[in-house]
Amino acid sequence: MACLCTTLGFAQLDSIQRLDEVFVVDRQINRFSTGQLLFTLSSSILQDSPGTLTDILEQNTPIFFKQNGYGMVSSPTFRGTTAQQTAVVWNGFNINSQFNGQTDFNTLLVDGFDEISVRPGGGSVIYGTGAIGGSIHLKNELRFDGETNAILSARAGSFSTYQNLLKASTSNEKWSLSFALSRLSSENDYDWPGTSRQNLNGAFEHYNVNLSLARKLNQNNRITYHSMYFNGDRNFSLLFPSDPSSSYFNEDHRHLLEWESEFSEVTSVLKLAFFDEYFQYTPDSRTSRSTGARAQTTLARYSLFYSYQAFDFNVLSEFNYSSASGNNVLSESRSIASLAFLAKHHWKNLTSEVSLRQDYSDVYDSPFLFSSGFNYEVSDRLTAKVNVSKNFRIPTFNDLYWEGSGRTDLRPETSNQVEASVVFSKVESKHQLSFTGYYNDITNLIRWVPNSSNIWQPENVDEVETYGLEANLSTQLEWGMHTFNLSSLYAYTISENKKTGYQLTYVPKHKWTTSLTYKIDRFSVNLQNLYNGEVFTRTDNSADDILQDYLLWNAGISYEFPKLQNLKLSAQVRNSGDEAYQTQENRPMPGRHFFIQTQIKF
C-alpha cells in the first residue's frame, strides 16, 4: 500500500526483444506502441493495493470510473469515451464481454497478475474492437531462473471486508509454473455519508484463479498455457429500501495455448484461445425467476516477427468465432477474420512505425484501420512523440440480436485520432515529466433510443469529438537513509456531442491524483489524493442535474520484519475526510473506512 506510484514506460526498443529468463506473452504492446505513452503497474504495487481493478486504476491513471455503489457495476470513461470503447486485454487477447462490449472493472481482482499496463489512445490495429479511448493490459509472466517463490497475504477492513491471496511460482531450465488464488468478499453495508441511511443488499464475494505453465521443448521451441477463472456472486445495492433485492452471478473461463518457435531473426507464434462467459440475473430474490445467457468464443492467431537490420516486422492473422444464447438474446453466431501488418524502423534518434489492419465479418462491414507513430529523441533528456490512428468498435450481441430490438444493419463505430507528447526525463536522478495532447473524432456511435413504436433499439445516431491534455510527473529523491517518491497526474477532458455541443454525461473535465511515499529502512508512509470534477447526468447538461466535484484523501503506513519471513504489516485509511460523494446519480460511495493487511514472502 505504501508504494502506489505511477511509472511511465516509453517503449523505445532498438529491436524485437527476446527474454530468456522472463517470458511475456503480450509481445506487441512494448514493441509496437511508437508515439504513445504507457503506464506500468508492477506486481508489488498490485499485491499491496486493496480491492479491485477499479480501485487501483482510478488512483494511478486518467480513467474516470462510474460505480453504482462500491463493489457494484463499474464502467470506465477513458479520454471522454464510453465504457465500450475501453479494451481490456488479457495476455494479448481482448476479453470485453460479447454481450455488452465492455468489462465490469469490479469483477477483476488484480493482485494475482504480474503486471498491468495502461495504454491511452487507439490500439485497434493490434487489439481489435473497443480500443478507442485506450486499453488495459493484464499480463502473466513466466521465469526460467530456477527459483521458487510464494506470497501469502490477508486483508481485513470496514464493512466486514476480507481479501486473501496465495501466489506461488517455481521453475528450472525447462519448466516454469505460476499460479495465484485470490478472494474478495464484503458485507458492504456502509453508512451513506450525510444521511441516516445504510447501503442495503450490497454484499459480494469474488474468486479469481490464474494458472500459467510453460515448457521449453528445445532451444528454439516453447509451449505455454495460461488460464484464468473468475466466479462472482453479488447483490445489487438498493436505491430505496422498498425495492426488491436483486442479485447477479457470473462465471468466466479463459484458456490460452501458445507455441513459439525461433529461427535466427524470425519468430513464429501460434495461439489458440477459448473464452466462456456466463451470467444469471435475479431481479427479485423472493422468487426463483431469473434470466441468463452464455457466450463462447474460439480464437486462432498466428504471428510472424522478423528483424532485418534497422527494421522490425510483424504479420498477424486471426480468426474469431463467437456464439451466444440465452434469455432475451437470440441464439446466433458470428465469424471475424483479421489480417494486420506492422512495421517499425530505427534511424539515429528517430523511430517510426506504420501498422495496417482489415477485418472481414459475416455480419457487418469493417473499416480499414491504420496507425502511424514517431518517437524522436531531441536530446538525452527530451523525447517527442506523435501518433495518428483509425480505430473501431463492432456492434455487440445485444446490439445485433436482442430479442425484438436487435438490428443487424448497424455499422461499427469509427474513430480518427491524433496525439502528441513531450517527455522530459532525467534517468540518473529518476525524474520524469510528460505532457500529452490528443484529439479524437468518433462517428456512428451506437445508442439505444426509442423508435416510432416507443420500442428501444440501437442506432448509429451520435457523433462525438473528444480532446484534452494530460500531464504526468514521477520523481524520486534520496537523502541518506530517507527516500521520497512522488507521482502526480492531471487530466483535462472535453467530450462533446458534435450536434448539440453538450459535454457527454459522466465525463469530468478535470481529474487530478497524487501519491507521496516516504520510506526509511523498513518503515514507510504513503499519502494519496483523488480529485474528480463535476459531471453532468443529463444529455442537455442541466445545471440541476450535476454530481458535484470531490476530493478524497487516503493514508497508509507499513513496516517489514525481515526475520519473520519478510512479514509486512500495513494499515490504510481511505476517504479520511469522510467526504460524501457519488460517481453515479443516487448511488453514494463509502465514507471513511479502514483496512489492515499482512503479507509474507517465502
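The values are calculated or read from the model by the stated rules, or taken from the named source; none is laboratory data. All figures in this text were calculated on a predicted structure; none of them were measured in a lab. No Cβ is skipped: glycine too gets one built from the backbone with ideal geometry, and neighbour counts run over all protein chains shown.
Worth a mention:
- Looking across region 135-177, the residues that are in contact with a helix residue (DSSP H, G or I) (Cβ under 8 Å, 6 or more places away or on another chain) and farther than 30 Å from GLN85 by Cα come down to ILE151, SER153, LEU165, LYS167.
- Criterion applied to SER261, SER237, SER247, SER242 was being surrounded by fewer than 16 Cβ atoms within 10 Å (Cβ to Cβ) and more than 30 Å from ALA310 (Cα to Cα), and the one residue passing it is SER242.
- Just one residue in the set THR161, THR129 is polar (S, T, N, Q), crowded, with 22+ Cβ neighbours inside 10 Å, in contact with a strand residue (DSSP E or B) (Cβ under 6 Å, 6 or more places away or on another chain) and modelled with pLDDT under 95; that residue is THR129.
- Single match in ASN327, ASN314, ASN349 (criterion: within 20 Å of ASN30 (Cα to Cα), polar (S, T, N, Q) and surrounded by fewer than 17 Cβ atoms within 10 Å (Cβ to Cβ)): ASN349
- Test: residue in region 499-511 that is part of a strand (DSSP E or B) and touching a residue at least 40 places away in the same chain (Cβ under 8 Å): yes
- When restricted to residues that are surrounded by fewer than 20 Cβ atoms within 10 Å (Cβ to Cβ) and part of a strand (DSSP E or B), region 435-457 contains 12.
- Close contacts from region 68-81, counting a first residue that is buried (at least 23 other Cβ atoms within 10 Å of the Cβ) and a second that is of a type in the set (Val, Ile, Thr) and assigned to a loop (DSSP other than H, G, I, E, B), with Cβ to Cβ under 6 Å and a gap of 6+ residues or different chains, come to PRO76/ILE63; THR77/VAL507; PHE78/ILE63; GLY80/VAL507; THR81/ILE132.
- Summed over region 574-588, residues that are in contact with a strand residue (DSSP E or B) (Cβ under 6 Å, 6 or more places away or on another chain) and either assigned to a strand (DSSP E or B) or not small (Gly, Ala, Ser) (or both) total 8.
- The test for being under 23 Å from GLU465 (Cα atoms), polar (S, T, N, Q) and surrounded by fewer than 19 Cβ atoms within 10 Å (Cβ to Cβ) does not hold for THR583.
- So PHE392, is it more than 30 Å from ASN485 (Cβ to Cβ), touching a Ser or Thr at 6+ places or on another chain (Cβ under 9 Å) and in a strand (DSSP E or B): yes
- Counting only strands (runs of 3 or more DSSP E) that fall entirely inside region 158-221 and contain at least 3 residues that are free of Cβ contacts under 8 Å to residues at least 40 places away in the same chain and touching a Lys or Arg at 6+ places or on another chain (Cβ under 9 Å), the qualifying elements are 161-171.
- Single residue of region 303-360 satisfying the filter (among the hydroxyl-bearing types (Ser, Thr, Tyr) and within 25 Å of the chain's Cα centre (by Cα)) that is farthest from GLY373 (Cα to Cα): SER323
- Restricting region 264-277 to residues that are small (Gly, Ala, Ser) and part of a strand (DSSP E or B), the residue that is surrounded by the fewest Cβ atoms within 10 Å (Cβ to Cβ) is SER268.
- Any chance SER434 is out of contact with any Gly (no Cβ under 6 Å at 6 or more places or on another chain), within 25 Å of GLN85 (Cα to Cα) and in contact (Cβ under 8 Å) with a residue 40 or more places away in the chain: yes
- Residue match in region 468-478 (condition: touching a residue at least 24 places away in the same chain (Cβ under 8 Å) and either of a type in the set (Phe, Trp, Tyr) or not in a strand (DSSP E or B) (or both)): no
Condition check ((1) of a type in the set (A, V, I, L, M, F, W, C); (2) buried (at least 22 other Cβ atoms within 10 Å of the Cβ); (3) modelled with pLDDT under 85; (4) more than 17 Å from the chain's Cα centre (by Cα)) across all residues:
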{"residue": "ARG18", "(1), (2), (3), (4)": "no, no, yes, yes"}
{"residue": "VAL22", "(1), (2), (3), (4)": "yes, no, yes, yes"}
{"residue": "SER33", "(1), (2), (3), (4)": "no, yes, no, no"}
{"residue": "LEU37", "(1), (2), (3), (4)": "yes, yes, no, no"}
{"residue": "SER43", "(1), (2), (3), (4)": "no, no, yes, no"}
{"residue": "THR52", "(1), (2), (3), (4)": "no, yes, no, no"}
{"residue": "ASP55", "(1), (2), (3), (4)": "no, no, no, no"}
{"residue": "GLU58", "(1), (2), (3), (4)": "no, yes, no, no"}
{"residue": "THR61", "(1), (2), (3), (4)": "no, yes, no, no"}
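- Residue match in region 565-573 (condition: surrounded by 15 or more Cβ atoms within 10 Å (Cβ to Cβ), charged (D, E, K, R), outside any strand (DSSP E or B) and within 28 Å of the chain's Cα centre (by Cα)): no
- Among the numbered conditions (1) in contact with a helix residue (DSSP H, G or I) (Cβ under 8 Å, 6 or more places away or on another chain); (2) farther than 27 Å from PHE341 by Cα, the only one that THR107 does not meet is (1).
- Residues of region 479-489 satisfying the condition of being without any contact (Cβ under 8 Å) to a residue 24 or more places away in the chain and either touching a helix residue (DSSP H, G or I) at 6+ places or on another chain (Cβ under 6 Å) or assigned to a strand (DSSP E or B) (or both): TRP479
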